[in-house]
Amino acid sequence: MPKVSVKGQNMPESPIRKLVPFAEKAYKANKKVYHLNIGQPDIKTPQVAMDAVSLHHLDILAYTRSEGSEGYRKKISAYYHKQNIPVEYDEIIVTTGGSEALLFAMGSIADVDDEVIIPEPFYANYNGFATASGINIVPVNSKIENNFALPPISEFEKLITPKTKAILICNPGNPTGYLYSKEEIKKLAEIAKKHDLFLVADEVYREFVYGDEKHYSILQEESMAEHGIIIDSVSKRYSMCGARIGCLVTKNKQVLSTALKFAQARLSPPTFAQIASEAALQTPQSYFDDVTKEYKERRDLLIEKLNEIPGVKVGTPKGAFYCIAELPIKDSDVFAQWLLEDFDLNGETVMVAPAAGFYSTPGVGKNQVRIAYVLKKDSLIKAVEILKIALEQYPNN
């Protein structure tokens with residue numbers, strides 16, 4: 001019998017999606033499942049985006065340019081300028097989601113067995129993208145006790161080798177909600193310049209920042225013109241996860257021309273989704289004001305309720321809509337499956353994402369879960385109540 005590739009065997013399962021079969025069994029058993037496991041916003045997609053698709057006047061659903069339609073890229077550029085990020089339309093490649101932008105970036109800046117330094121915990125699919133690209137992740141561990149703050153810069157420099165090609169951050173962070181300060185971005189920029197590395201920033205949660213702090217993009221640093229690469233997406237910003245539209249942004253012409261070859265190989269990003277995404281750029285600021293206010297209220301409520309559960313430790317997010325919670329259990333994979341298979345409270349249970357999959361250091365995060373606060377406040381309260389009772393009844397903690 002033919003065998004699958006070693007690369008395929010090494011591809012990690014998604015900690016977010018691998019429990020779906022157990023959730024489906026729970027549905028069939030007539031359980032109600034509160035989904036705390038996945039960052040699928042419940043906020044309505046802007047109507048202007050939906051209308052742009054339903055009211056289109058296309059006779060042929062044709063290819064667009066491999067780098068995305070010029071009209072859309074010009075409007076993305078205008079959006080960045082409003083954010084004080086000086087990016088021009090020809091410095092943008094539209095991709096099929098932020099995921100493809102990450103794959104293009106990794107393929108453009110690193111070869112097999114090269115290294116990328118990433119503060120962990122990090123977005124779980126970075127593990128998958130790195131494996132698919134033959135790249136080794138070198139983790140810098142941040143800790144829940146410090147609210148997942150950036151480790152000292154000296155910790156990064158200790159890890160730099162001749163194989164190191166880039167530092168990759170998510171800002172604000174998935175899964176921790178950590179927001180990098182302007183000072184931290186400047187320090188990372190200094191390291192990138194000093195060691196001639198790329199600094200790649202996944203900024204898909206840029207709008208979701210709470211409190212008085214502001215998001216600071218790596219491309220607001222003039223010195224990052226040749227070193228900086230932004231990964232972006234419409235998925236969370238406009239609650240358009242199904243559109244699968246993202247972009248790779250850089251002022252480095254060599255990176256752009258290289259990434260474009262990857263884009264040409266897959267022909268073009270989806271036409272209808274670009275139409276919807278271009279229209280979404282007309283969304284008024286009031287939409288984001290309302291959404292951010294709602295997420296902040298959800299965050300505050302979730303953290304308050306989690307802190308009331310004995311033995312639970314939780315970091316307080318400054319952005320995005322996730323948090324990492326440490327539970328009084330040994331193995332969150334086993335616990336998450338138990339919640340779906342063997343537990344319910346009056347016919348209801350919760351689904352969480354085991355956090356070990358958000359680390360690359362073996363054995364770290366085994367007693368942690370990622371929680372996405374993308375449910376309405378009354379559902380969040382109910383979900384945490386169920387989690388509290390589940391921890392009390394769990395037989396293996």
Report task. State whether one or more residues within region 61-78 are open to solvent by less than 10 Å² (accessible area, probe 1.4 Å), closer than 22 Å to residue 264 by Cβ and in a loop (DSSP other than H, G, I, E, B). Result -> yes
Query raised in the report: From the list 207, 155, which residue is of a type in the set (D, E, K, R), part of a loop (DSSP other than H, G, I, E, B) and open to solvent by 10 Å² or more (accessible area, probe 1.4 Å)?
Result: 207
**Report entry** Checking residue 369 against (1) part of a loop (DSSP other than H, G, I, E, B); (2) open to solvent by less than 10 Å² (accessible area, probe 1.4 Å); (3) among the β-branched types (Val, Ile, Thr), the condition it does not meet
**Finding:** (1)
Report task. Taking the options 18, 32, name whichever one is basic (Lys, Arg) and either open to solvent by 70 Å² or more (accessible area, probe 1.4 Å) or under 30 Å from residue 283 (Cβ atoms) (or both). Result -> 32
**Report entry** Members of region 185-204 that are open to solvent by 30 Å² or more (accessible area, probe 1.4 Å) and either in a helix (DSSP H, G or I) or farther than 18 Å from residue 250 by Cα (or both)
**Finding:** 186, 187, 190, 193, 194, 195
Report summary line: By residue number, the members of region 71-98 that are in contact with a Phe, Trp or Tyr (Cβ under 7 Å, 6 or more places away or on another chain) and not aliphatic (A, V, I, L, M) are 73, 74, 77, 95
Query - Residues located in region 266-311, provided they are farther than 24 Å from residue 368 by Cβ, among the hydrophobic types (A, V, I, L, M, F, W, C) and crowded, with 19+ Cβ neighbours inside 10 Å - result: 273, 275, 276, 279, 280, 291
Requested in this report: Evaluate the following for residue 276: is it within 22 Å of the chain's Cα centre (by Cα), small (Gly, Ala, Ser) and farther than 19 Å from residue 174 by Cβ?
Outcome: yes
Query raised in the report: Going by the conditions given, is residue 166 part of a helix (DSSP H, G or I), open to solvent by less than 20 Å² (accessible area, probe 1.4 Å) and either over 22 Å from residue 285 (Cα atoms) or touching a residue at least 60 places away in the same chain (Cβ under 8 Å) (or both)?
Result: no
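The values are calculated or read from the model by the stated rules, or taken from the named source; none is laboratory data. Source: prediction; values computed, not measured. Cβ sites come from the backbone with ideal geometry, for glycine too, and all protein chains shown count toward neighbours. Quick note on the areas: whole protein, heavy atoms, side chains included, nothing else; ligands and nucleic acids left out. Shrake-Rupley method; radii C 1.70, N 1.55, O 1.52, S 1.80 Å.
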